[in-house]
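Here is the structure we will look at.
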């Protein structure tokens, strides 16, 4: 995917100053302070480094109140992390459609944002084979630096929504469908994904139960640069 996350012609480099009010950040762009949109509900606790490179996408609508969206943040080692949580679903769908995710190959139909469960939820991706077999895929963006070098954890904040999604995936397995929890490792300084059980014990317990019920876990790394963001190679899941 070429970096046109918010509709502009590409990403523009700025310098990160601070995040505040959850969905806002201050950056320095072309020598002046600018307030930008932060499309991320998590804590981002291990990502916020004053002075870090910030890569912004310009809004397609010139009348939007905030003209810029934060897409990538630089890491201390010179790498990058994907901040815009609207992108992983699109990136994974593109990779599946292109046949670059072996675990999800062989499905003729791909649908995004499909209703699931009884609580008004939507599943990120529903894959259907010609013979009617279905695979429900929930996608999570992983950026929380873990306690060990090279480990990235999910979640970075309590996620009741994520826990509900795991229950809904388990329900699909119970009726004969396939279900996959897909973690996209979205920081370049890590090579494996684990569960932040200290941050959200309920999510960890729900994942354990979901795996016992037959929900599969698939982990891939994101390849990130200011020019392109895409799904790369498989990564390790350490639970």
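The values are calculated or read from the model by the stated rules, or taken from the named source; none is laboratory data. Owing to the predicted nature of the structure, the values given are computational and were not obtained by experimental measurement. Don't worry about glycine lacking a Cβ; one is built from the backbone with ideal geometry, like all the others, and counts go over all protein chains shown.
For residues that are outside any strand (DSSP E or B) and either over 19 Å from residue 215 (Cβ atoms) or modelled with pLDDT of 95 or more (or both), tally how many sit in segment 161-193. Qualifying residue count, segment 161-193: 21.
Taking into account only those residues within segment 194-204 that are outside any loop (DSSP other than H, G, I, E, B) and in contact with a strand residue (DSSP E or B) (Cβ under 6 Å, 6 or more places away or on another chain), which is surrounded by the most Cβ atoms within 10 Å (Cβ to Cβ)?
Per the stated criteria, the residue is 194.
Of all residues in segment 198-228, those satisfying the criterion of being touching a helix residue (DSSP H, G or I) at 6+ places or on another chain (Cβ under 8 Å) and farther than 19 Å from residue 145 by Cβ are 202, 206, 207, 209, 210, 213, 214, 215, 216, 217, 218. Of the residues 60, 5, the single one that is touching a helix residue (DSSP H, G or I) at 6+ places or on another chain (Cβ under 9 Å) and either assigned by TED's automatic domain parsing to the domain that holds residue 186 or modelled with pLDDT under 95 (or both) is 5.
Checked against the criteria, residue 91 does not count as part of a strand (DSSP E or B), crowded, with 18+ Cβ neighbours inside 10 Å, within 16 Å of the chain's Cα centre (by Cα) and at negative phi.
How many residues does segment 103-112 hold that are in contact with a strand residue (DSSP E or B) (Cβ under 8 Å, 6 or more places away or on another chain) and surrounded by fewer than 11 Cβ atoms within 10 Å (Cβ to Cβ)?
2
Look at residue 116 and say whether it is touching a helix residue (DSSP H, G or I) at 6+ places or on another chain (Cβ under 6 Å), within 25 Å of residue 227 (Cβ to Cβ) and in the same structural domain as residue 202 (by TED's automatic domain parsing). Answer is no for this residue. Among all residues of segment 140-157, there is at least one that is more than 21 Å from residue 236 (Cα to Cα) and not in a strand (DSSP E or B).
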